[in-house]
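Quick note: the coordinates plus some simple rules give every number you see, no bench work behind them. Given the structure is predicted, the values throughout are model-derived calculations rather than measurements. Every residue, glycine as well, gets a Cβ built from its backbone with ideal geometry; the counts of neighbours run over all protein chains shown.
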Amino acid sequence: DFLEKAFEYAHAASPDTLLFYNDYNESQPEKRDKIYKLVKGLVDKNIPIHGVGLQAHWSIFGPSLDDIRAAIEKYASLGLQLHITELDVSVFEFDDRRTDLTEPTAEMVDKLTERYDEIFTLFREYSEVVTNVTLWGAADDATWLDGFPVRGRKNWPLLFDVNHDPKPALKKIMEF
């Protein structure tokens, strides 16, 4: 009930503001279904909600494009906008404990480029419902993924490197 009230109060205070339910792990099938059920309940009760936010803290290893596509399609079936609210793409698997790297390997750079290309190709395919993409940072010198989930580990998840130079991933997603 508190969630319904939060949307109602926010709408009453600012009727022209778009209101989104925003969550993480939104593309994992079990969590996707729970989010869908929750948001559908709000829609069915005519609670003022305009969209679903996908935090999109992903990696070069997952979630699969099929899972992301399924999430987009499921949430879009509610007739709501989708915003990608915190996109970054870790170059590590979650349980990779390495802390010895001081720069990404060539393989990581290649996989990151390919992954961003796949993701943005998918977003463009659903551009009628994916109406906003926000990255969770600009350059690798300031990312929340440094030290998370592994203390002392450097990560390179963004589109500009630590010197603020564009990475191949940025160049690739701009080619369309």
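Some notes on this structure:
- All other residues whose Cβ lies under 9 angstrom from that of residue 117 are scored, Lys and Arg at +1 and Asp and Glu at -1, for a net of -1.
- Summing charges over neighbours of residue 143, with a neighbour being any other residue whose Cβ is under 15 Å away from its Cβ, gives -3 when K and R count +1 and D and E count -1.
- Model label sites at residue 17 and residue 102, defined 7 Å from Cα along the beta-carbon direction, differ in position by 4.7 nm.
- Kirkwood hydrodynamic radius over Cα pairs of the stretch 2-173, then Stokes diffusion coefficient at 37 °C and 0.692 mPa s, in µm²/s: 192 µm²/s
- Within the stretch 2-173, percent of DSSP bridges classed antiparallel, to nearest 5: 10 percent
- Longest site-free stretch - the chain; sites: GluC sites (Glu not before Pro), DSSP loop, at most 13 other Cβ within 10 Å: 1-92
- Entries in 45/74; 34/167; 40/111; 34/171 that, when Cα-Cα distance is taken, lie over 29 Å: 34/167; 40/111; 34/171
- Here the extension length gained between residue 34 and residue 127 equals 31.1 nm, from 0.36 nm per residue of separation less the Cα-Cα distance.
- Helices in the chain, meaning DSSP H runs of at least 4 residues, each add -39500 (n - 2.57). Divided by all residues, the mean residue ellipticity at 222 nm is -12000 deg cm²/dmol.
- Packing-based exposure ordering (other Cβ within 10 Å, fewest first) of 58, 144, 136: 144, 136, 58
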